[in-house]
Amino acid sequence: MANSVADIKQAMLDDIGAKEIEELFEQIPEDHRLKDELRLPKALRSEAELKRHLLDLLSKTGSCEENLSFLGAGCWQHHVPAVCDEITGRAEFLTNVWGSPSSDHGRNQAWFEYCSQIGELVQMDMVGLPVYSYGCAAGHAIRMASRITGRHRVLVPGLSDPERLSVIRNYCEPEEMASHIAVVPIDYDVATGLLDLDDLRAKISDETAAVYFENPSYAGVIERQGAAIAEIARASGAETIVGVDPISLGVIKAPADYGADIVVGTTQPLGVHMNTGGGVGGFIASRDEEKYVREYNTLNISITETEKDGQYGFGLSCAHQTSYGMREKGKDWTGNSTYLWAIAGAVYMSLLGPDGFREVGRLILQRAHYAAAVLARVPGLRIGFPSGFFKEFVVRFDDTGRTVDEVNGRLRERGIFGGKDLSAEFPELGQCALYCITEIHTKGDIDRLANELREVLR
Amino acid sequence: MSGNMRLREYHAAVWDEPVVMELGHPGRRGIVFGEAEEEVREAVGDAMDLVPADMRREAPPALPELSEPEVQRHYLHLSQETLGMMGVSLFGTCTMKYNSRLNEAIAARPEVAEAHPHQHETTLQGTLEILHNFDLILRELSGMDQFVFQAGGGADAAYTHVCMTRAYHQSRGELAQRDEIVTSIQAHPCNAATAAAAGFKVVTLMLGENGYPALDALKAAVSERTAALLINNPDDMGIYNPEIKEWVRVVHDAGGLCFYDHANFNGVMSKLRAGELGFDACMYMLHKTFGAPKAGGGPAVGAYGCSAELAPFLPGPVITRDSDGYHLDDDRPQSIGRVREFWGNVPQVIKAYSWTRAMGGDGIAEAADLSVIANNYMEKRLLAIPGVTKSHPHLTQRRMEMTRYSLETLTEETGVTTIDVANRMVDFGIDAYWLAHEPWIVPEPFTPEPGEMYSKEDLDLWIDVLAHVCEEARTNPDIVKTAPHNQAIAKIKAEPLEDPEKWAMTWRAYRRKHGGPAA
């Protein structure tokens, strides 16, 4: 600390006209003051010593690099291009705070480029700066739909990620509150994992603010009834909100093209490490209509002109409608978010381009389906929803006589992190796990998994 | 005492960088993934046949097509066109700190970056130990009984608190009755906004003559309808409410909970504890006070701590320790569940842990001292500049780690506003300062917060630049009003940003509304 040097500290106190530091805390009453010294671990001032300490601790954690991992479920192991790490590590992007449109122009432009590229993937003209996560994006979007329609029910898939659904519930419930939005699960077809349209028709009404579904779904299935779902929602005056994994959008149809009014999704697959779950982020997009734009709680970056002809500038648009402008009268609430990951996303999408998205999508599809086919041949294993999935699929273990927990424990001893155990989440599916295959999994990795499972289940 | 320091001849990098959507050439690639192995392709066939027919993407997304070095250079140019704390950034309420490169290197290691939150806890012991030990450090600093790190920022921690408030009163059968949350006009807007979003009515107390709301105003506001008080102290004018213990007692007597928004912790860290003042819960921003980077607005952490009484309601999983090691305890029937997926921005928590270990208790205490010294040093010099005043000038006690100033006099005398001054200061490599949250209680506000990192020379430079710009406002106001002149771009036109016919949050929208260059 630059001013901890004794003579500087004294000089500053002299300039202030204070005899001692204590005088400066005169506002705090004596009986508010902490009497004792803090009992904290001794300072590690040496960088070498601190580094050693941190490394010693982290040596007790195993990574998905050193092990072979098939975990997904909202946080996915994709390849992060080295350039993404270089750019997000740049001190100007890493350390900056809000700044101004002129002083932090480059960062604002990068944010705009992130929104612009997300807009191309989902085929929507309006994209806000990111929010904390997929679930937070869904929660905000549902509240947006509730404000637009004046209705207070949302229909969600019964086969939802419990993490995401819990976030959504915290954005909508409980019913004692004036702002309450009832979260109503829709049944799914146990054979296909698709939304049960009969149940949707039975539960939708003129009280439904929105129908929310995901593509791919939590179980990995591509919801191919999107257009029909949107049609049913529209007929009831409800908004259609679709959650997407953007890395799928080189091969899977954009949600706007099957009737989505609001699109939300995760940003983590786009150039961000899993970061033990700290890599997650979410986005919200829609048509560029005032009906929607005026309801955004996100900070929004618009391109504009500057005083110099032909020069681009970027500034906040519709900021006053947020809580920064109107406190509790603003739209929902706004805070710090995951804006560095927006820059990672901009870099990632620029690196891929249309062909890269198609290529990565194809690779994931082929490897995931190969994995499902190989695992289906392991005695006792069955694939839950065997067709029409993207990168995740459900593996059922009932016929093995073992629990997923037991199997995963044995796999762990062999350096493999098996798929996420769904058995407690969806008891109707029996002992089952959600396996995730991405572009990083080679044929060799998949064959190794199958062989080890054979051994474990022998 | 400075005043004669030579102002730097600064000029930002100007790259006149096109929007990335305009760059590149069809067919170029920045990264390739290759094809699946032959056996894989033979086994599953063509990839597109694996997508249900009517769900296949036909038209590819209109993304730019660039080579890897082109992408790298474009974004390096954009980073260079970002002042981003490379100057002196005294962004009040945000506590600018040095972000250790060691911490970045540690966070980039695969044990952090390439770890999955659903890994079995036995494979996460090092991470969990760090988070648990950091929880213990925050308990010592706050007097709380348990911390969680799920909230992705300060506002998310406020939302966590209002969710906790709902769960607490619901468990007592009082939620329907307790539908009001009390806060002050000087509390961060997110306190009021999260309360409203969670379904509460917001009661906002205005300031009394001492710069904080009168105790009587609080007493008049609380009742059997009060669910909670959300309050910061000191506020971002640098004023400490000495009656805060009495406030907590009044709210508790009415049956409400008390949440201490510790966004302004820097000046009081090691000086007081939220728990000892009676609060039920508090929040620290690890991306400001605890040395993790702000990253332009996250990933951040609002570390949320509470009393043992409230702990059953915490969002899960909660990290616990027993003789078998560390655990992710998610078997908590009264828990509010999740406010965000998983258990937090783990890399940022590790950086904050590293910061506290580097500082130690004595270092943290000294940092608080230095930040308050620095603010009072600045105050003395800033108030000597003609046209600069501070909020509540009749209050003579020393302010804490920041002070709210006003350029009202300068604006009246010259027509130059605080926004003009901020725009001009960036011409000297000084990051734009923070004004004040809405509503502006003080006209033409600005709020520098020096923190403990910046040297006296840095602070003198900052003050000299402000003094120079204030002088320019009198001698050459146009140069200030038309600023910046030495930045990456000229002053932006704000009018299109609020015009639905012109605003464009994406390139698609821009091309539709403005014609724009052909794709």
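The values are calculated or read from the model by the stated rules, or taken from the named source; none is laboratory data. Bear in mind that the values here come from a model prediction, so they are computed numbers and not experimental data. Here the Cβ is made from the backbone with ideal geometry for all residues, glycine too, and neighbour counts use every protein chain on show. Only protein heavy atoms, including side chains, enter the accessible area calculation; ligands, DNA and RNA are left aside. Shrake-Rupley method; radii C 1.70, N 1.55, O 1.52, S 1.80 Å.
Inclusion of A:Ala342 among residues that are modelled with pLDDT of 95 or more and of a type outside the set (Asp, Glu) is warranted. Considering only residues in the range B:286-319 that are without any contact (Cβ under 8 Å) to a residue 60 or more places away in the chain and open to solvent by 20 Å² or more (accessible area, probe 1.4 Å), the one that is nearest to the other protein chains (Cβ to nearest Cβ) turns out to be B:Pro312. When the test is whether a residue is open to solvent by 10 Å² or more (accessible area, probe 1.4 Å) and either free of Cβ contacts under 8 Å to residues at least 24 places away in the same chain or under 30 Å from B:Asn376 (Cα atoms) (or both), B:Tyr212 passes it. Being assigned to a loop (DSSP other than H, G, I, E, B) and closer than 23 Å to A:Glu392 by Cα, is that true of even one residue in the range A:160-170? Yes, because at least one residue in the range A:160-170 is assigned to a loop (DSSP other than H, G, I, E, B) and closer than 23 Å to A:Glu392 by Cα.
Of the set (1) surrounded by 19 or more Cβ atoms within 10 Å (Cβ to Cβ); (2) at the interface with chain A (Cβ under 9 Å from one of its Cβ atoms), all apply to B:Glu180 but (2). Of all residues in the range A:57-84, those that are part of a loop (DSSP other than H, G, I, E, B), closer than 15 Å to A:Trp341 by Cα and facing another protein chain (nearest Cβ under 7 Å) total 2.
Looking at the range B:271-282, can you tell me whether even one residue there is surrounded by 24 or more Cβ atoms within 10 Å (Cβ to Cβ), within 13 Å of chain A (Cβ to nearest Cβ) and under 22 Å from B:Trp343 (Cβ atoms)? Checking the range B:271-282: not a single residue is surrounded by 24 or more Cβ atoms within 10 Å (Cβ to Cβ), within 13 Å of chain A (Cβ to nearest Cβ) and under 22 Å from B:Trp343 (Cβ atoms). Within the range A:384-407, if we keep just the residues that are under 22 Å from A:Asp189 (Cα atoms), of a type outside the set (Lys, Arg) and within 13 Å of another protein chain (Cβ to nearest Cβ), the residue that is surrounded by the most Cβ atoms within 10 Å (Cβ to Cβ) turns out to be A:Phe393.
Which one of these is at pLDDT 95 or above, of a type in the set (Asp, Glu) and within 15 Å of A:Asp261 (Cβ to Cβ): A:Glu239, A:Glu223, A:Glu207? I'd like the intermediate steps shown before the answer.
Values: A:Glu223 fails: within 15 Å of A:Asp261 (Cβ to Cβ); A:Glu207 fails: within 15 Å of A:Asp261 (Cβ to Cβ).
Exactly one of A:Glu239, A:Glu223, A:Glu207 is at pLDDT 95 or above, of a type in the set (Asp, Glu) and within 15 Å of A:Asp261 (Cβ to Cβ), namely A:Glu239.
One residue stands out among those in the range B:84-119 that are among the basic types (Lys, Arg) and more than 7 Å from every other protein chain (Cβ to nearest Cβ): the one that is surrounded by the most Cβ atoms within 10 Å (Cβ to Cβ), which is B:Lys97. Within the range B:57-83, the only residue that satisfies the criterion of being facing chain A (nearest Cβ under 7 Å), open to solvent by 30 Å² or more (accessible area, probe 1.4 Å) and touching a strand residue (DSSP E or B) at 6+ places or on another chain (Cβ under 7 Å) is B:Glu65. Picking from residues in the range A:423-439 that are part of a loop (DSSP other than H, G, I, E, B) and in contact with a Lys or Arg (Cβ under 9 Å, 6 or more places away or on another chain), the one that is most open to solvent (accessible area, probe 1.4 Å) is A:Gln431.
The residue that is most open to solvent (accessible area, probe 1.4 Å), among those in the range B:427-447 that are assigned to a loop (DSSP other than H, G, I, E, B) and among the aliphatic types (A, V, I, L, M), is B:Ile441. Each residue in the range B:136-170 was checked for being more than 7 Å from every other protein chain (Cβ to nearest Cβ) and either open to solvent by 10 Å² or more (accessible area, probe 1.4 Å) or touching a Gly at 6+ places or on another chain (Cβ under 8 Å) (or both), and 18 of them qualify. If you go through the range A:344-354 and keep only what is at the interface with chain B (Cβ under 8 Å from one of its Cβ atoms) and either surrounded by fewer than 24 Cβ atoms within 10 Å (Cβ to Cβ) or within 21 Å of the chain's Cα centre (by Cα) (or both), you end up with A:Ala346, A:Val347, A:Met349, A:Ser350, A:Leu351, A:Leu352, A:Pro354. The single condition from (1) open to solvent by 10 Å² or more (accessible area, probe 1.4 Å); (2) not in a helix (DSSP H, G or I) that A:Trp341 fails is (2). Restricting A:Ile301, A:Ile229, A:Ile241, A:Ile284 to those that are surrounded by 22 or more Cβ atoms within 10 Å (Cβ to Cβ) and in a helix (DSSP H, G or I) reduces the list to A:Ile229.
Scanning the range A:7-47 for residues that are more than 7 Å from chain B (Cβ to nearest Cβ), open to solvent by 80 Å² or more (accessible area, probe 1.4 Å) and at pLDDT 95 or above yields A:Asp7, A:Gln10, A:Asp14, A:Lys19, A:Glu20, A:Glu22, A:Glu30, A:Asp31.
Can you find even one residue in the range A:251-260 that is free of Cβ contacts under 8 Å to residues at least 60 places away in the same chain, within 14 Å of chain B (Cβ to nearest Cβ) and open to solvent by 20 Å² or more (accessible area, probe 1.4 Å)? Within the range A:251-260, one or more residues are free of Cβ contacts under 8 Å to residues at least 60 places away in the same chain, within 14 Å of chain B (Cβ to nearest Cβ) and open to solvent by 20 Å² or more (accessible area, probe 1.4 Å). If you check B:Ile181 against the conditions, is it at pLDDT 95 or above, touching a Pro at 6+ places or on another chain (Cβ under 8 Å), of a type outside the set (S, T, N, Q) and within 25 Å of B:Leu272 (Cα to Cα)? Criteria not met by B:Ile181.
Rundown of residues vs (1) assigned to a helix (DSSP H, G or I); (2) more than 7 Å from chain B (Cβ to nearest Cβ), yes/no style:
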residue: A:Ile87; (1), (2): yes, no
residue: A:Gly99; (1), (2): no, no
residue: A:Ser103; (1), (2): no, no
residue: A:Arg107; (1), (2): yes, no
residue: A:Tyr114; (1), (2): yes, yes
residue: A:Gly135; (1), (2): yes, no
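For the range B:473-494, indicate whether the set of residues that are touching a Ser or Thr at 6+ places or on another chain (Cβ under 9 Å), surrounded by fewer than 18 Cβ atoms within 10 Å (Cβ to Cβ), farther than 27 Å from B:Leu272 by Cβ and of a type in the set (A, V, I, L, M) is non-empty. Yes, the range B:473-494 contains at least one residue that is touching a Ser or Thr at 6+ places or on another chain (Cβ under 9 Å), surrounded by fewer than 18 Cβ atoms within 10 Å (Cβ to Cβ), farther than 27 Å from B:Leu272 by Cβ and of a type in the set (A, V, I, L, M). Scanning the range B:207-243 for residues that are within 26 Å of the chain's Cα centre (by Cα), more than 22 Å from B:Asp253 (Cα to Cα) and away from chain A (no Cβ under 13 Å) gives B:Leu207, B:Asp236. The set of residues from the range A:355-383 being open to solvent by 40 Å² or more (accessible area, probe 1.4 Å), in contact (Cβ under 8 Å) with a residue 24 or more places away in the chain and not in a helix (DSSP H, G or I) comprises A:Arg377, A:Pro379.
Okay, residues lined up against (1) out of contact with any helix residue (DSSP H, G or I) (no Cβ under 6 Å at 6 or more places or on another chain); (2) outside any helix (DSSP H, G or I):
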position: B:Gly344; (1), (2): yes, yes
position: B:Gln348; (1), (2): yes, no
position: B:Tyr353; (1), (2): no, no
position: B:Ala368; (1), (2): yes, no
position: B:Pro386; (1), (2): yes, yes
position: B:Leu395; (1), (2): yes, yes
position: B:Thr403; (1), (2): no, yes
position: B:Glu412; (1), (2): yes, no
